[in-house]
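Q: Dumping the structure here so I can ask a few things about it.
The values are calculated or read from the model by the stated rules, or taken from the named source; none is laboratory data. Nothing here was measured: the structure is a model prediction, and the numbers come from that model. We place every Cβ from the backbone using ideal geometry, glycine too, and count neighbours over all the protein chains shown. Only protein heavy atoms, including side chains, enter the accessible area calculation; ligands, DNA and RNA are left aside. Shrake-Rupley method; radii C 1.70, N 1.55, O 1.52, S 1.80 Å.
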Amino acid sequence: MLVYAICSLSNKWKAKLYLSPLFFFSDPKNVPKREKLLRDRSLYIARSCQEIRAHYFEFEDGLYYLTTENGWGGWTLVASVHENNIYGKCTLGDRWTSQQGSNPFRPEGDGNWVNMNTFGKAEGATADDYKNPGYYDIKTRFLSQYGGNLYELFHRYPVKYIAGAPLINNGPSIPIVYDHGDKQTTKAFYGPYAQREFEPSFISFRAINWEWAAMAICCGTKPKGGQVDAYCISLRWPQNSVGDFTSFAWNGYGNHKGWSVSKDMLEAAVLLFYR
């Protein structure tokens, strides 16, 4: 199963959410027991759920910096995207775009979608950007047509300024199946104007806006227009609206008006898993 903190919109870890059912204790005397088990699990070193199962013979769902569920491996957290300051444009913390400002000589920004840099910590993945070696090492069937992972996909569909024309040169859009929520709940997170621009129930890659700037991922949406910076994440170039969540607060912080997303969406983290 997916443990709840992994799927939560919370902007910080809450122990009662990310622990497996084994840890849902109300008796305070059990707190040291769960803390010890978490410390023990954090000593495991593995790049995938398969390694945890094969080398440590662990079959219990929980926080291992990974999650485990079924006989063929479960989901592995490889990265997260979090907007630490919506008013900062390519400033400190914007690792998936650029931390060096709007430099026209660096059309790919810091290039972390296509390099082997790693950063952040798994336990802080909902409050800060995160990337581990699984991002480029693990192959997933979901992206098998595009090299097997996001590292390979974004080499084929670069996230950079003037990568192509809007709509014509967008990357793939893949239908999604919901475990929780539906088309309407997905649509409702985004601003009223943005909702006219996309079809829900897809995950899309390398969407290009009217200024010919590329966004990395559109979560739950398939673009039908060119204002993709209002509902896709990671890059606008070379204008001053650069950042991990780009134009999510275009008409105000979390007010869900115009192009602005809801407060829940603005303060969320996008967690990326392979399976």
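Q: Give the residue from PHE154, ALA165, PHE142 lying farthest towards the positive end of the charge dipole for segment 123-172; charges sit on Cβ (+1 for Lys and Arg, -1 for Asp and Glu) and the dipole is referred to the Cα centre.
A: Among PHE154, ALA165, PHE142, the one farthest towards the positive end of the dipole of segment 123-172 is ALA165.
Q: Looking at segment 162-241, which chymotrypsin sites (Phe, Trp or Tyr not before Pro) are DSSP coil and have at most 13 other C-beta atoms within 10 Å of their C-beta? Don't skip to the answer; put the middle values down first.
A: Working: sites: TYR178, PHE189, TYR190, TYR193, PHE198, PHE202, PHE205, TRP210, TRP212, TYR231; in loops: TYR178, PHE189, TYR190, TRP210, TRP212, TYR231.
In loop regions of segment 162-241 (DSSP not H, G, I, E or B), the sparsely surrounded chymotrypsin sites (Phe, Trp or Tyr not before Pro) are TYR178, TRP210.
Q: How much of ILE217 can a 1.4 Å solvent probe reach, expressed as accessible area in Å² and rounded to 10?
A: 0
Q: Just read off the accessible area of LEU92 with the full protein assembly in place, 1.4 Å probe, to the nearest 10 Å².
A: Roll a 1.4 Å probe over it and LEU92 shows about 140 Å².
Q: Continuing with this model, one more query. At 1.4 Å probe size, with no ligands or nucleic acids counted, give the accessible surface of HIS256 in Å², nearest ten.
A: Around 70 Å² of this residue is reachable by solvent.
Q: So, counting K/R as plus one and D/E as minus one, what does the shell of residues with Cβ under 13 Å around LYS263 add up to? Show your work: numbers first, answer last.
A: Values: positive: LYS257; negative: GLU83, ASP264, GLU267.
With Lys, Arg at +1 and Asp, Glu at -1, the net is -2.
Q: Using alpha carbon centroids, what distance separates segment 132-173 and segment 188-211, in Å?
A: One Cα centre to the other: 18 Å.
Q: Measure off 7 Å from each Cα along the Cα-to-Cβ vector at LYS121 and GLN99, then give the distance between these two points in nanometres to one decimal.
A: The answer from the label model is 1.6 nm.
Q: Right, something else. With the cut-off at 1.5 for a/c, could you classify segment 87-235 from its C-alpha gyration tensor as rounded, prolate or oblate?
A: Numbers: a/c = 1.34, a/b = 1.15, b/c = 1.16.
Note, shape of segment 87-235 comes out rounded.
Q: Between ASN251 and ILE203, what is the spin-label point distance in nm, taking each point 7 Å from the Cα along the Cα→C-beta axis?
A: Rounded to a tenth, the inter-label distance reads 2.9 nm.
Q: Given axes a ≥ b ≥ c from the Cα gyration tensor, I'd like to know whether segment 149-216 is rounded (a/c under 1.5), prolate (a/b larger than b/c) or oblate. Mind showing how you got there, number by number?
A: Values: a/c = 2.83, a/b = 1.45, b/c = 1.96.
Oblate, because a/c is 1.5 or more while a/b does not exceed b/c.
Q: Suppose R0 equals 22 Å; then what is the FRET efficiency for GLU152 and ASP264 from their Cβ-Cβ distance, rounded to the nearest 0.05?
A: Values: r = 32 Å, r/R0 = 1.44.
With a Förster radius of 22 Å, E is 0.10.
Q: What is the extension gain from HIS180 to ARG141, computed as 0.36 nm multiplied by their sequence separation minus the C-alpha to C-alpha distance, in nm to one decimal?
A: Additional length available on full extension: 11.9 nm.
Q: Distance from a point 7 Å along Cα→Cβ of TRP210 to each backbone N in segment 169-189: keep the residues under 20 Å and list them by number.
A: Under 20 Å, as judged by backbone N against the label point of TRP210, lie 169-171 of segment 169-189.
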